[in-house]
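The values are calculated or read from the model by the stated rules, or taken from the named source; none is laboratory data. Given the structure is predicted, the values throughout are model-derived calculations rather than measurements. Reconstructed Cβ throughout: ideal geometry from the backbone, glycine too, with neighbour counts over all protein chains shown. Ligands, DNA and RNA are excluded from the accessible area calculation, which covers all protein heavy atoms including side chains. Shrake-Rupley method; radii C 1.70, N 1.55, O 1.52, S 1.80 Å.
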Amino acid sequence: EADIYQTPRYLVIGTGKKITLECSQTMGHDKMYWYQQDPGMELHLIHYSYGVNSTEKGDLSSESTVSRIRTEHFPLTLESARPSHTSQYLCASALAQATGELFFGEGSRLTVL
Amino acid sequence: KQEVTQIPAALSVPEGENLVLNCSFTDSAIYNLQWFRQDPGKGLTSLLLIQSSQREQTSGRLNASLDKSSGRSTLYIAASQPGDSATYLCAVRPGGGSQGNLIFGKGTKLSVKP
């Protein structure tokens, strides 16, 4: 059973607001990821981290930023939300050693009005 | 560049039927392949992971096979139930170890009718 948590699950905000999506895992996983997924569409990797103080941009360009100050925590921030940011954001983690099996959180659905 | 394709995009079957979901990938140099299930509006649940050296993995009514040389994997679901209705995604990790990032297919949306 995966122990990876995302908050908030649902968020509706106005344009221009700053938002932070939280992601925490209690499995001691080194690697953490953020994916963006529009309804019925494929997943796009937007950020990942291989450990503390390590962050990389993914395949899909994103205006969001991430930080990794603690192993268990990988928040995603949008400084000024726009309607084009409306989407589902999925956080995942994996152990760097062994198989690298990926475990996902429940997702954060963001709506920007 | 690795590409992952899942066919069909959608599938509807009556309850009790055995079914096969297909996943193909263009570069056979993979480290492993993972099958996920996604319910509407939810995150992904890991179902099975097959290492490149393995031919198949089983969990309950699910059996995943891997033919690396032909670039194919199948997910077999036995005696399907309405609760199996979901989108099933496969993802491959490129060769070179567990450091590579997963490349996802677009998924097959399965509907099992009572």
Residue list for region A:99-113, filter: facing another protein chain (nearest Cβ under 7 Å) and outside any strand (DSSP E or B): A:Thr99, A:Gly100, A:Glu101, A:Leu102, A:Gly105, A:Glu106, A:Gly107
Flag for B:Gln99 being at pLDDT below 95, among the polar types (S, T, N, Q) and open to solvent by 40 Å² or more (accessible area, probe 1.4 Å): yes
Qualifying residue in region A:51-72 (condition: within 26 Å of B:Gln6 (Cβ to Cβ), of a type in the set (A, V, I, L, M) and either free of Cβ contacts under 8 Å to residues at least 60 places away in the same chain or within 14 Å of another protein chain (Cβ to nearest Cβ) (or both)): yes
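Within region B:12-24, is there a residue that is under 30 Å from A:Tyr5 (Cα atoms) and open to solvent by 10 Å² or more (accessible area, probe 1.4 Å)?
No - not one qualifying residue is present in region B:12-24.
From the set of residues in region B:12-22 that are part of a strand (DSSP E or B) and more than 14 Å from the chain's Cα centre (by Cα), which is nearest to A:Gly105 (Cα to Cα)?
Of region B:12-22, the ones part of a strand (DSSP E or B) are B:12-14, B:19-22.
The next check asks that each one be more than 14 Å from the chain's Cα centre (by Cα); those that pass are B:12-14.
Working: B:Ser12: 27, B:Val13: 29, B:Pro14: 31 Å.
It comes out as B:Ser12.
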Residue in region A:18-46 that is farthest from B:Ile103 (Cα to Cα), counting only those that are facing chain B (nearest Cβ under 8 Å) and among the aliphatic types (A, V, I, L, M): A:Met41
